[in-house]
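The values are calculated or read from the model by the stated rules, or taken from the named source; none is laboratory data. Treat the numbers as computed from the prediction; the structure is a model and nothing was measured. Positions of Cβ are generated from backbone atoms using ideal geometry, with glycine treated the same way; all protein chains shown enter the neighbour counts. Please note that ligands, DNA and RNA were not included when accessible areas were found on the heavy atoms of the full protein model with its side chains. Shrake-Rupley method; radii C 1.70, N 1.55, O 1.52, S 1.80 Å.
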Amino acid sequence: MRGLTDISDLIRSRRTHKSFGPAPVPPEVVDELLELARWAPNHHRTNPWRFRVLGPETLARLKEAAGPGEAPKLDRAPTLVVASAVLTGDLEQDEEDICATASAIYAVLLAAHGRKLAGYWRTPSVLRTKAGRDAVGLPDGERFLGLIHLGTPRSDPAVPGRAPLETYRIFLP
Ligand SMILES: Cc1cc2nc3c(=O)[nH]c(=O)nc-3n(C[C@H](O)[C@H](O)[C@H](O)COP(=O)(O)O)c2cc1C
């Protein structure tokens, strides 16, 4: 699948989608997105990311763990991927591996957007609980970083405000 290719346009126009059409992302397209994740920078080439693509049984377990209040929110997107970082216990390495995994998640979101798919990086609290982690098979030693929602866009989300360059670019003498 090919779509937008200019990286500046891609970065500016990617949006968080919260409303998705029913069609799941085909497994081969999920693989295209996740194959791009491995090109994210990672120090010492630790390849720390793990992406678990949820099937229906796992989603049912996760919804059970989430409870009736939160479970319906897990039905928003047809394709869900749990992104996590494998940690070693070495604080410096772990910090870098978390950064690398966040970069990999962003690569997936940009790649999805480039294919005109909708994406959403969500951090539902259920995946910070033991029950939620168990539901998706997250072992001790992996840090949950995001539940990536993927699917077809149903709307054109508004552009959230961004701080202007002058507020965060600091020239040093
Ligand atoms: C680490 C991380 C966690 C996020 N978790 C959530 C979340 O739990 N719920 C949510 O609505 N948005 C979440 N977001 C999405 C941001 O709210 C969103 O990126 C922001 O509003 C800017 O919108 P945009 O992505 O369309 O530019 C998360 C983003 C990041 C980077």
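Show me the helices of the chain, taken as full DSSP H stretches, that run 30 Å or more along their long axis by Cα and average 1.0 or above in Kyte-Doolittle hydropathy.
In the chain, no H run is both long and hydrophobic enough.
So for each of 84-91, 60-67, 154-161, 8-15 I average, over its residues, the number of other beta carbons within 10 Å; can you give me the resulting order with the highest mean first?
60-67, 84-91, 8-15, 154-161
In nm, what is the difference between 0.36 nm times the number of residues separating TRP39 and ARG76 and their Cα-Cα distance?
In short, 10.5 nm is gained.
Can you give me the % of accessible surface on the chain that is carbon or sulfur? Probe 1.4 Å, all protein chains present, nothing else counted.
So the carbon and sulfur contribution to the accessible surface is 56 percent.
Tell me whether the stretch 114-165 comes out rounded, prolate or oblate; compute the Cα gyration tensor, take square roots of the eigenvalues as a ≥ b ≥ c, and use a/c under 1.5 as the rounded threshold.
Judged from the Cα gyration tensor, the stretch 114-165 comes out prolate (a/c at least 1.5, a/b above b/c).
LYS18: which aspartates and glutamates have alpha carbons under 12 Å from its alpha carbon, excluding same-chain residues fewer than 8 sequence positions away?
ASP75, ASP156
Charges at C-beta only: +1 for Lys and Arg, -1 for Asp and Glu. How large is the resulting dipole of the chain about its Cα centre, in Debye rounded to 20?
Magnitude of the dipole: close to 660 debye.
Does the stretch 59-112 classify as rounded, prolate or oblate by the C-alpha gyration tensor (a ≥ b ≥ c root eigenvalues; a/c under 1.5 gives rounded; else a/b over b/c gives prolate, otherwise oblate)?
oblate
With a ≥ b ≥ c the root eigenvalues of the C-alpha gyration tensor of the chain, is it rounded (a/c under 1.5), prolate (a/b larger than b/c) or oblate? Each step should come with its number before you reach the end.
Working: a/c = 1.56, a/b = 1.12, b/c = 1.40.
It comes out oblate by the Cα gyration axes.
Stretched out fully, how many nm does the piece from SER19 to ARG162 gain, at 0.36 nm a residue minus the Cα gap?
49.3 nm
Only helical DSSP H runs with n ≥ 4 go in: add -39500 (n - 2.57) per run for the chain, normalise by residue count and round the 222 nm mean residue ellipticity to 500 deg cm²/dmol.
Rounded to the nearest 500, it is -10500 deg cm²/dmol.
Which longest uninterrupted range of the chain lacks any chymotrypsin sites (Phe, Trp or Tyr not before Pro) assigned by DSSP to a loop state (not H, G, I, E or B) and surrounded by at most 11 other Cβ atoms within 10 Å?
40-167
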